[in-house]
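Contents: one structure, followed by commentary.
The values are calculated or read from the model by the stated rules, or taken from the named source; none is laboratory data. None of these values were measured; they are calculated from a predicted model. Cβ sites come from the backbone with ideal geometry, for glycine too, and all protein chains shown count toward neighbours.
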Amino acid sequence: MVSEGILHKADVDCFMQSLHTVAIDLAQDLQKVGDGILERDVFLKTYGHLRPNTYEITSWSYKERPDLFLGHFGNTNSTKSTLQEFRLSDESMGRVERALEQAGFEINAKDLFQYFATAIEGREKAKFAFTKSVSDILSTIMKWGDDLHREDLSFLSIEDIHLDSSIQENRDKIKAAKDAYRLTRAIRLPHVIVEPGDVDTIRLPLGRPNFITDKSATAATVFLTPDKAAEVDDRIVMIENADPGFDWIFSHPICGLITMYGGANSHMAIRCAEFGLPAAIGCGERLFNKLKEASVVELNAASKRLSSQGWTNKHEHSS
């Protein structure tokens with residue numbers, strides 16, 4: 001609707017900030033723990049299953065390492081406390097109604113935006129519930145393999161896990177898997193193979209980030225990994241591939257977010273739009289690594305620009 005001139009970008013930003021997903025509840029409850037209003041055990045009963053990199057068995061869950069994720073607290077005013085009211089002007093509403101009619105849809109504009117809100121909020125709630133099952137499975141596997149290091153367990157496939165398998169059998173499988181992994185790591189391939197020649201010549205494109213909101217921020221950066229919860233207050237946070245396990249960052253007054261992977265409708269794109277945070281989602285490996293080396297980055301979502309220390313990566317507006 002924005003690219004067709006039916007809505008303004010500001011309308012979309014306002015709509016996204018009117019949503020209430022589980023991320024808001026998590027950020028507010030995490031802040032309550034920091035302020036001594038909510039007991040840590042109560043918080044962990046609801047959110048303890050979350051882990052950065054949801055499917056990674058080597059990643060600690062909140063309840064396994066609360067010191068990592070509950071050990072630092074931001075400003076009490078950093079989290080989103082009230083929802084922004086979303087209301088389209090009569091002129092914009094009229095454009096939406098006409099576009100729906102021309103496209104052959106019977107739904108009206110009001111019901112359409114209600115559907116958008118219900119779908120996005122429902123998706124995030126379902127994702128939150130699903131990650132609990134994944135976390136429980138990983139915890140069960142760790143109990144099954146309590147004689148093995150969790151790093152070693154990560155080399156077993158689901159087909160390798162049998163109740164009657166011996167420790168030596170598992171260790172043999174792990175050794176073979178590690179040997180195969182080292183061979184795989186020695187082979188460099190592009191992220192997308194379009195034609196046979198792509199295997200011979202590897203090109204890493206600079207990347208075209210998905211910029212979220214029309215805000216800007218200039219700040220020091222901090223690179224987060226699943227096993228490290230660094231100080232993020234007043235920083236631009238950098239994460240390779242973010243998922244619900246990283247939602248703890250939104251309880252802090254962060255300046256913005258940059259990710260290596262992700263699209264316009266990815267988890268962190270939704271989160272940043274919801275919290276009104278400037279973000280560059282899905283920068284690609286080459287651009288992300290350049291930014292990671294910089295101490296201070298300017299993230300200007302309005303002009304679609306990332307810059308630091310004398311170089312600039314800019315993407316012009318396109319439909």
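Looking only at helices (runs of 4 or more DSSP H) that fall completely inside region 195-298, which ones have 3 or more residues that are under 19 Å from the mean Cα position of the chain (by Cα)?
Working: elements: 197-200, 267-275, 285-292.
By residue number, 267-275, 285-292.
Go through (1) closer than 22 Å to ILE270 by Cβ; (2) part of a helix (DSSP H, G or I) one by one and return the number of the condition GLU101 breaks.
Status for GLU101: all satisfied but (1).
Taking the conditions exactly as written (surrounded by 11 or more Cβ atoms within 10 Å (Cβ to Cβ), under 30 Å from the mean Cα position of the chain (by Cα) and assigned to a helix (DSSP H, G or I)), does GLY94 satisfy them or not?
no
With the condition kept exactly as written, say whether any residue in region 217-239 is within 20 Å of SER266 (Cβ to Cβ) and loosely packed, with under 15 Cβ neighbours inside 10 Å.
Yes: one or more hits.
Pairs under 6 Å by beta carbon, first residue closer than 13 Å to VAL237 by Cα in region 291-311, partner polar (S, T, N, Q) and modelled with pLDDT of 85 or more, six or more apart or different chains?
Qualifying pairs under 6 Å: VAL297/THR221; GLU298/THR218; GLU298/SER307.
Between LEU183, LEU189, which is part of a loop (DSSP other than H, G, I, E, B), of a type outside the set (Lys, Arg) and farther than 30 Å from SER303 by Cβ?
Of LEU183, LEU189, the one residue that is part of a loop (DSSP other than H, G, I, E, B), of a type outside the set (Lys, Arg) and farther than 30 Å from SER303 by Cβ is LEU189.
Enumerate the pairs (first residue in region 172-196 and farther than 30 Å from HIS149 by Cα; second residue anywhere and assigned to a loop (DSSP other than H, G, I, E, B)) with beta-carbon separation below 6 Å, excluding pairs fewer than 6 apart on the same chain, so at least 6 apart or on different chains.
If the second residue must be assigned to a loop (DSSP other than H, G, I, E, B), the pairs left are PRO190/ILE202.
Give me the pairs, please: first residue somewhere in region 19-38 and assigned by TED's automatic domain parsing to the domain that holds LEU50, second residue anywhere and among the polar types (S, T, N, Q), beta-carbon distance under 7 Å, and either six or more positions apart or on two chains.
The qualifying pairs are ALA27/THR79; ALA27/SER251; GLN28/THR79; LEU30/SER251; GLN31/THR76; GLN31/THR79; GLN31/SER251; ASP35/THR76.
Any idea which of (1) among the aliphatic types (A, V, I, L, M); (2) closer than 17 Å to TYR47 by Cα; (3) buried (at least 16 other Cβ atoms within 10 Å of the Cβ) is the one ILE141 doesn't satisfy?
For ILE141, the failing item is (2).
What single numbered condition from (1) over 24 Å from ILE270 (Cβ atoms); (2) modelled with pLDDT under 90; (3) surrounded by 14 or more Cβ atoms within 10 Å (Cβ to Cβ) fails to hold for ARG188?
(3)
Could you check region 34-62 and list, in sequence order, the residues that are modelled with pLDDT of 90 or more and in a helix (DSSP H, G or I)?
Those that are modelled with pLDDT of 90 or more and in a helix (DSSP H, G or I): ARG40, ASP41, VAL42, PHE43, LEU44, LYS45, THR46, TYR47.
Tell me yes or no: at least one residue of region 200-219 is at pLDDT below 90 and farther than 28 Å from ILE281 by Cβ.
yes
Determine whether region 112-135 contains at least one residue that is more than 30 Å from PHE246 (Cα to Cα) and either in a helix (DSSP H, G or I) or not aliphatic (A, V, I, L, M) (or both).
yes
Can you give me the number of residues within region 249-295 that are closer than 23 Å to PHE43 by Cβ and in contact with a His (Cβ under 9 Å, 6 or more places away or on another chain)?
2
Here are the criteria: (1) under 17 Å from SER251 (Cβ atoms); (2) at pLDDT below 90. Tell me which single one ARG87 does not satisfy.
(1)
Are any of the residues in region 226-246 over 30 Å from HIS8 (Cβ atoms) and either of a type in the set (Val, Ile, Thr) or in the same structural domain as GLN28 (by TED's automatic domain parsing) (or both)?
yes
Please go through (1) farther than 20 Å from ARG286 by Cα; (2) exposed (fewer than 10 other Cβ atoms within 10 Å of the Cβ); (3) under 26 Å from the mean Cα position of the chain (by Cα) for SER166 and return the number of the only condition it doesn't satisfy.
Unmet for SER166, out of (1) farther than 20 Å from ARG286 by Cα; (2) exposed (fewer than 10 other Cβ atoms within 10 Å of the Cβ); (3) under 26 Å from the mean Cα position of the chain (by Cα): (3).
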